[in-house]
1. Leaving ligands, DNA and RNA out of it, rank 58, 51, 106 by accessible area with a 1.4 Å probe, largest first.
2. Per DSSP helix of 4 or more residues, -39500 (n - 2.57); summed, then divided by the residues of the chain. What does that give at 222 nm, rounded to the nearest 500?
3. Contact order normalised by length for region 33-108, with contacts defined as Cα pairs under 8 Å and 6 or more residues apart; what percent is it?
4. Could you state the number of Å between the C-alpha centres of region 49-124 and region 18-47?
5. At 0.36 nm per residue, and after removing the present C-alpha to C-alpha distance, how many nm does the segment from residue 22 to residue 116 gain when stretched out fully?
6. Which of the helices in the chain, when you take each full DSSP H run, stretch at least 15 Å along the axis at their Cα atoms and have an average Kyte-Doolittle score of 0.0 or higher?
7. If you count only protein heavy atoms and use a 1.4 Å probe, how large is the accessible surface of residue 57, to the nearest 10 Å²?
8. On each of the three principal axes of the Cα atoms of the chain, give max minus min coordinate, whole Å, ordered largest first.
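The values are calculated or read from the model by the stated rules, or taken from the named source; none is laboratory data. Just so we're clear, the structure is a prediction, and the values are computed from it rather than from any experiment. The protein model used for the area step is the full one, side chains on, heavy atoms only, and it has no ligands, DNA or RNA in it. Shrake-Rupley method; radii C 1.70, N 1.55, O 1.52, S 1.80 Å.
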Amino acid sequence: MSGVAHPYYPRDIQLPNYVPPAWSTAELFGVFGVAVGLIFTLSWLFARSCRHLSVVERVTFSWWAVTGAIHMLMEGAFVAFPALISSTSKAFLLDAWKEYAISDSRYATRDTCIVSLGGSHCVR
């Protein structure tokens, strides 16, 4: 194991130059929640200009806008920044991935399959 302890399982995975996240979990959830709310609200206002859409269709449109933004921004950042774990940047997206990788260490180790799937998700 590298000299710096990491929170990922299995505990013996090699993460050279691991840098702990600068953002706390609560801060990450707070920013994420505000971003989701903002994207949903803006897309709702846009969909509202289409008078022929029902409320269900407007909610569906807003939901797809949110999920599209999550896939393009979150997975795009994961694919674009290979030095995710060792980054000293305090960028929100990098720290969000460090937090997300706690649930699946394949993201922390940049498993080839996971990187390929992430790339396909942000362009489909």
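1. 51, 106, 58
2. Value at 222 nm, helices only, nearest 500: -16500 deg cm²/dmol.
3. The value is 21 percent.
4. 12 Å
5. Once the chain is fully extended between residue 22 and residue 116, it gains 31.1 nm.
6. The qualifying helices are 25-48, 55-69, 112-123.
7. 90 Å²
8. Taking max minus min along each principal axis of the Cα atoms, the chain gives 60, 29, 21 Å.
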